[in-house]
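Trainee: Just dropping this structure here.
Read the figures in this text as sums done on the coordinates, not as results from a lab. Owing to the predicted nature of the structure, the values given are computational and were not obtained by experimental measurement. Cβ placement follows ideal geometry from the backbone for every residue including glycine, while neighbour counts extend to all protein chains displayed.
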Amino acid sequence: MTLAIDARLGPYEIQDLIGTGGMGEVYRAHDPRLSRAVAVKLITAEGASSPERLHRFETEARAAAQLAHPNVVTVFDVGTHDGHPYLVLELLEGQTLRETLRGGIPPLRQALTWMLEAARGLGAAHERGIVHRDFKPENVFLTKEGRVKVLDFGLAKLQEPLVSGNSDTSSPTATKDTSPGVLLGTIGYMSPEQVKGEPAGARTDVFALGAVLYELLSGRRAFGGQTAAEVLASILRDEPPSLMTLEGEIPASVETVVRRCLGKHPSERFSSGNEVAVALETVLASFEPSRATGVHPMEPRGPYPGLSSFTEADAERFFGRETEVESLWEKLRQRRLLALIGPSGAGKTSFVRAGILASRPTGWGAVVATPGAAPMRALAQALIGALPSDPDTLRDLLAFDDAEVAFRVMQKWRQGHLEGLLVLDQFEELFTLNPPEVQAAFTELLGRLAREGDVHVLLSLRDDFLIRCHDHAPLAPVFQNLTPLTSLGGEDLRRALVEPAKKEGYAFEDEALVEEMLQAVEGARGALPLLAFAVARLWEKRDRDNKLLPRKAYEQIGGVAGALAQHAEQTLERIGFEREPIVRELFRNLVTAQWTRAVVEREQLLSVVPDREAAGQVLDELIGARLLTSYEVRDAAHPASGSSPS
């Protein structure tokens, strides 16, 4: 041990040695300033044998410290101690992918999910111009909570250039120094350009990721040999055996992704970790629903969705918009590009799903998507369940960012129906979450689908974002016949309040209670969400014996005006008012600058709060209270969830 127990490394109190390796030693330590446990990685003196190498290490480490991503180990600090450079990292509990592999090949979905998370971590680095250069199973960590973390960005530069080595599980490492022609990487996972001593880039990491994925699926290295020279020659010359010839069922779509990662020339590969992540997401989504989602069945909900939206399954409980639904369908039959606009809280998503989609005529196929931060990917994923899962289709879905490919896939879907309807819900996300070039490419595709593809396109967006459509010529037709969706009122609002309960055999205790609830939201901009939340709370307290929604329960929840506020206050009391700053920070990161929703992965959201454990408890409380909504796509071992504001 270089450091003694109870020694201090700057402000950090050393507690225990938890690991050693070729780069140095890793200690458990305590940071008294923030009262948290950390890991301190002390690099060997040989690793920083010159001021130039030490400077490069610090530069790389500080760059890695700028990465704030749930799939990258967090770097808190960097410094030197008696000539030894050190890193201060988040303390992880679990094991490396290499250690996991010693127990055998993981199930297919688990392997793909691990590499999806690793690809996201690499993609975040690539966006910042950071290249890992030494991605391998030893640098992929699986936490006890089921999260994948990519380790050791930039540390390969500190290691010595390769002189000799073999291809066993010790994974000898070669590095590129400042001199050209010197190797960088780990034998077995090096790309052809690394073998040639050429500069490394994002596609270098993609090659290594493909090699690791191949090993996860097959239990064997992609490139083998008895000596280091043989392995390097195999990387330059050979193609690994097809995964589809091995034992077990490996879909053709998985083989396609692996092969594209392992292209001999960088231009043949995915351009970054993010592209690999998109491909793996598409492959996973193409699995049959029970395998692809692993979503646990939801408990039956009442006839009132509260702050959630109605779905197609709720069509029989969706009241008050019948005339508007019929009117919009008349327009859809005649026109190819339309816009449904309305203020926030008007119920556009419910109208689209429980109204328009649920009532589509026989022979009409429909696809609905929300743009999010990757609109082409979102559309591709929406199409997966509507298209055959043959290799050609899956290959096209993986290349959906290409406008020509996207148009061709949409045409293939359209040909399977008498008419085709494409709905882009919450279309304002295209403008709030995407750069201008993405907006232009996506709107051009939509315009072409309407003009040449015989597809009916319906955009649903907030009215205050309608003018943004004017910036894109392909969307000009939407201004010719707009469909405004105003807040419900009068008899329509009454029916939306009374009829769902009536359909379940329930009634309000007296007519005066109905009038009181309606008057409470009269003229309010957010009338529908307020009323929906209050009646959903009232339904929870219903009189089951007499099948009534009682006035006493209505008073207990604070009426329409007080139901949501009372509920929020009670939730905050449970959380603790001292944690109110955490609540504010979580909500702040779930809303864009334009006051639209932002969908954020759980771990990414927690990373914005220094006390992650407390933030996790607060987030769970908010979700449990339905002040936030969450969705999960998971298998038994590895949950991956996102949260969005209600």
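Trainee: Say each of Lys541 and Arg395 gets a label point 7 Å from the Cα, pointing the same way as Cα to Cβ; how far apart are those two points in nm?
Mentor: 6.2 nm
Trainee: Give Lys348/Lys552; Lys503/Lys541; Lys149/Lys264; Lys348/Lys503 a once-over and call out the pairs whose C-alpha atoms are over 29 Å from each other.
Mentor: Lys348/Lys552
Trainee: Let me make sure I get this right: for segment 198-289, a, b and c are the square roots of the gyration tensor eigenvalues over alpha carbons, sorted descending. Under 1.5 in a/c it's rounded, otherwise prolate if a/b > b/c, else oblate. Which is it?
Mentor: Since a/c reaches 1.5 but b/c is at least a/b, the shape of segment 198-289 is classed as oblate.
Trainee: Follow-up. Provide the convex hull volume over Cα atoms per residue for segment 325-469, in Å³.
Mentor: 104 Å³
Trainee: Shifting gears a bit: Give the dimensionless ratio obtained when the Cα radius of gyration of segment 364-442 is divided by 2.2 N^0.38 Å.
Mentor: The value comes to 1.07.
Trainee: Roughly speaking, what is the centre-to-centre gap between segment 186-264 and segment 484-498 when only Cα atoms are used, to the nearest Å?
Mentor: 60 Å
Trainee: May I ask you to give the average projected area over all directions of the convex hull of the Cα atoms of segment 479-615, in nm² rounded to one decimal?
Mentor: 12.2 nm²
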